[in-house]
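Asker: Below is the structure I would like to discuss, written out as structure tokens.
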Amino acid sequence: SYFDKNSHGDILSRFTNDVDTLVQSLNQSLSTMVSSIVQIIGFLVMMLSISWKMTLMALVVIPLSMILVMVVVKKSQRYFKAQQKSLGLVNGHIEEMYAAHTIVKAFNGEEDSLKSFKDYNNQLYTSAWKSQFLSGLMMPLTNLIGNIGYVGVCILGGYLTIHGEIAVGDIQSFITYTRNFTQPISQISQSMNMLQSTAAAAERVFEFLASEEEVAEVQNPVVFEDVQGQVTFENVCFGYDPSKIVINDFSMYIKPGQTTAIVGPTGAGKTTIVKLLMRFYELNAGAIYIDGHNITDYTRSDLRNMVGMVLQDAWLFEGSILENLRFGRPNATDEEVMKAAKAAHVDHFIRTLDHGYDTVLNEASSNISQGQRQLLTIARAFLADPKILILDEATSSVDTRTEVLIQKGMDELMKGRTSFVIAHRLSTIRDADNIIVMDHGDIVEVGSHDELMKRNGFYTKLYNAQFEEA
Ligand SMILES: Nc1ncnc2c1ncn2[C@@H]1O[C@H](COP(=O)(O)OP(=O)(O)O)[C@@H](O)[C@H]1O
Ligand SMILES: [Mg+2]
């Protein structure tokens, strides 16, 4: 839910720009700070050894420059914060636009996108020049004040010499010390300036670190051995936003080894049920049990090992098809990979490619079709061989005939295992043991295809709607 709410580009910016700023300034400023402070102490001792009166004169100006630095820091801090924030916005926008490149082109969105970019970039520009200008003022200002002190020292030194209190040579050396004395001070003020952007960056990094952690794992998790695949939902209540409940009161019992189809209109909450079973989100009320144990009693990784899931938007990475499939089970042999590919009816397609299983997919895997991508992700889930398999509209871009074939292949593969299938083409799920019809986060009907058709209710309407035109 954290990644639902935050822009990916902004999070990336926190980890690149902000952390980088932190590292750089800690590298530079901290060492300058240390050496400057040591220098100041050394010079102070030498100056005091010559004349305490003149030292006092030289020191009088320091509070003055301190106040000045403080005023500037206070003013510019705001702009440093704004600068890091706009940097995140610019990054977020760019990341988003690159990800949606085709869509932006298709809707002639270049101009709008450029406009938003310019807005964000202008914000960045404005805050950046203001913060840089203000912090750039710091050095000349402290120099000026240092020089005033220098003049004071000269006058006082002249006066003291006339009265025979110190020798001319002392003034000479004292002035050298004063000169050197102001240098570390302006260096410190410059490091302060660096530290300001560091503070702004650190704040963003810590804000990320301080964000709410997911619910901790249980102390003594249930060890799963022989998973049966019995799933029970008990009065599950959930909303992405607690004030807006999506799943109201969902209860359902699934026998091990059954194939359960979940159907219903778009937005009914089908995917949400799946995400809850995978424990991507925590329930507001109720519980989900697998083999009689609450899913919160398993570790998350055990739970996700048991459950394999194929989502509607296929995710593949840059790499060969073989590597992509093997992501499901890293230690699978080539034969096992090919067997899974055959079950997903994608083996033939892969073999027609120039390099077969070694064909390299590009980053967005746009060099194969959407349906082929879906088939590959199904093969990957088959290979993972989970005890519970979920296909969430995983065949939505696959032709109907292949969809039916996959369904058959799955029956074979998932024998004795529990599977959930969410599909819109109801003809493909006719043979499911159980069909759950959902609407607005509630179960409206449950039963097999024949039972539901007899009832002549919501399901019958959905089913007939698909054949009316034909
Ligand atoms: N990440 C999210 N944050 C807030 N609301 C969401 C999120 N994902 C889905 N929803 C809302 O939850 C409801 C159910 O969504 P979903 O389970 O994805 O429907 P579907 O049955 O089509 O798979 C929808 O009204 C949707 O707007
Ligand atoms: Mg969905």
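Asker: Can you give me the Rg/Rh ratio for region 339-470, using Cα atoms for both radii and the Kirkwood formula for Rh?
Answerer: Rounded to two decimals, Rg/Rh equals 1.02.
Asker: Sticking with this one: Using the heavy atoms of the protein chains alone and a 1.4 angstrom probe, what is the accessible area of the chain per residue in square angstrom?
Answerer: Here the residues of the chain average 54 Å² of exposed surface.
Asker: Would you compute, from DSSP H runs of 4+ residues alone, the mean residue ellipticity of the chain at 222 nm, taking -39500 (n - 2.57) per run and dividing by the full residue count, rounded to the nearest 500? Walk me through the numbers on the way to the answer.
Answerer: Values: 16 runs with 272 residues, N = 470.
After summing the helix terms and dividing by residue count, I get -19500 deg cm²/dmol.
Asker: What FRET efficiency would be calculated for the residue pair Tyr253, Asn362, taking the C-beta separation as r and a Förster radius of 41 Å, to the nearest 0.05?
Answerer: 0.40
Asker: Just to be sure I understand the rule: take each whole DSSP H helix in the chain, project its Cα atoms onto its long axis, keep it if the span is 30 Å or more and its mean Kyte-Doolittle hydropathy is at least -1.0. Which ones pass? If you can, show how the numbers build up before the last one.
Answerer: On the way: long enough: 19-50 (46 Å, 1.32); 52-99 (68 Å, 0.55); 110-162 (77 Å, 0.14); 168-209 (60 Å, 0.05).
Span-like helices, by this rule, are 19-50, 52-99, 110-162, 168-209.
Asker: Please get the size of the charge dipole for region 231-465, origin at its Cα centre, with Cβ charges of +1 on Lys and Arg and -1 on Asp and Glu, quoted in debye to the nearest 20.
Answerer: For region 231-465, the charge dipole is close to 300 debye.
Asker: Which sequence of His293, His449 reflects their accessible areas, 1.4 Å probe, from the largest down?
Answerer: His293, His449
Asker: Provide the solvent-accessible area of Glu96, counting protein heavy atoms only and rolling a 1.4 Å probe, rounded to the nearest 10 Å².
Answerer: We get 110 Å² for Glu96.
Asker: Which aspartates and glutamates does Lys53 reach when only Cα atoms under 13 Å apart count, and residues fewer than 8 places away in its own chain are ignored?
Answerer: Glu165, Asp170
Asker: What nm distance separates the two modelled labels at Ser448 and Thr400, each placed 7 Å from Cα along Cα→Cβ?
Answerer: It works out to 2.4 nm between the two label points.
Asker: Also: Could you grab the relative contact order for region 2-209? Cα pairs under 8 Å, six or more apart, rounded to a whole percent. Working shown, then result.
Answerer: On the way: 193 pairs, mean separation 91.9, N = 208.
RCO, region 2-209: 44 percent.
Asker: If I take R0 = 45 Å and measure r between the Cβ atoms of Arg300 and Lys74 in this structure, what FRET efficiency does the formula 1/(1 + (r/R0)^6) give, to the nearest 0.05?
Answerer: E between Arg300 and Lys74, to the nearest 0.05, is 0.50.
Asker: If you average 1/r across every pair of different Cα atoms in the chain and take the reciprocal, what Kirkwood value do you get, in Å?
Answerer: Numbers: mean 1/r = 0.0356 Å⁻¹.
Hydrodynamic radius (Kirkwood, Cα pairs) of the chain is 28.1 Å.
Asker: For the chain, calculate the relative contact order in percent as a whole number, restricting contacts to Cα pairs under 8 Å that are 6 or more residues apart.
Answerer: Contact order relative to length: 16 percent.
Asker: In what sequence, largest accessible area first, do Arg14, Arg430 appear using a 1.4 Å probe?
Answerer: Result of the area sort, largest leading: Arg430, Arg14.
Asker: Round to a whole number: what % of the accessible area of the chain belongs to carbon and sulfur, probe 1.4 Å?
Answerer: Values: 14580 of 25380 Å².
The C+S portion of the solvent-accessible surface of the chain is 57 percent.
Asker: Right, here's the next one. Quick one: check the C-alpha center-to-center distance for region 432-470 versus region 48-87, whole angstrom.
Answerer: Each part's Cα centre sits 75 Å from the other's.
Asker: Please state the shape class of region 225-310: rounded when a/c is under 1.5, otherwise prolate if a/b exceeds b/c and oblate if not, all from the C-alpha gyration tensor. Walk me through the numbers on the way to the answer.
Answerer: Numbers: a/c = 1.72, a/b = 1.39, b/c = 1.24.
It is prolate, given that a/c is not under 1.5 and a/b is the larger ratio.
Asker: Additional query: What does the charge add up to near Gly257, with Lys and Arg as +1, Asp and Glu as -1, over the other residues with Cβ less than 9 Å from its Cβ?
Answerer: Working: positive: Lys255, Lys415, Arg417; negative: Asp433.
Neighbour charge sum, excluding Gly257 itself: +2.
Asker: Here's a follow-up. Mind giving me the FRET efficiency for Lys342 and Val34? R0 is 56 Å, r the Cβ-Cβ distance, nearest 0.05 is fine.
Answerer: Values: r = 67 Å, r/R0 = 1.19.
Working from the Cβ atoms, E equals 0.25.
Asker: If the cut-off is 29 Å between C-alpha atoms, which lysines fall inside it for Lys74, apart from same-chain ones fewer than 8 positions away?
Answerer: Within the straight-line limit of under 29 Å, Lys74 reaches these lysines: Lys85, Lys118, Lys130.
Asker: Could I have the simple spin-label model distance between Lys118 and Lys105, label points 7 Å from Cα toward Cβ, reported in nm to one decimal?
Answerer: Rounded to a tenth, the inter-label distance reads 2.3 nm.
Asker: Once the convex hull of the alpha carbons of region 12-169 is built, what does its volume come to per residue, in cubic angstrom?
Answerer: Details: hull volume 18.1 nm³, N = 158.
Hull volume over Cα atoms, normalised by residue count, gives 114 Å³.
Asker: Based on the alpha-carbon set only, what is the convex hull volume of region 231-465 divided per residue, in Å³?
Answerer: 125
Asker: Within straight cross-link reach of Lys244, meaning Cα distance under 18 Å, which lysines are found once same-chain residues fewer than 8 apart are removed?
Answerer: Lys5, Lys270, Lys275
The values are calculated or read from the model by the stated rules, or taken from the named source; none is laboratory data. All of these numbers come straight from a predicted model, not from anything done at the bench. Neighbour counts are summed over all protein chains in view; Cβ atoms, including those assigned to glycine, are modelled from backbone coordinates with ideal geometry. Ligands, DNA and RNA are stripped out before the accessible areas are found, and what is left, the full protein with its side chains, is counted by its heavy atoms. Shrake-Rupley method; radii C 1.70, N 1.55, O 1.52, S 1.80 Å.
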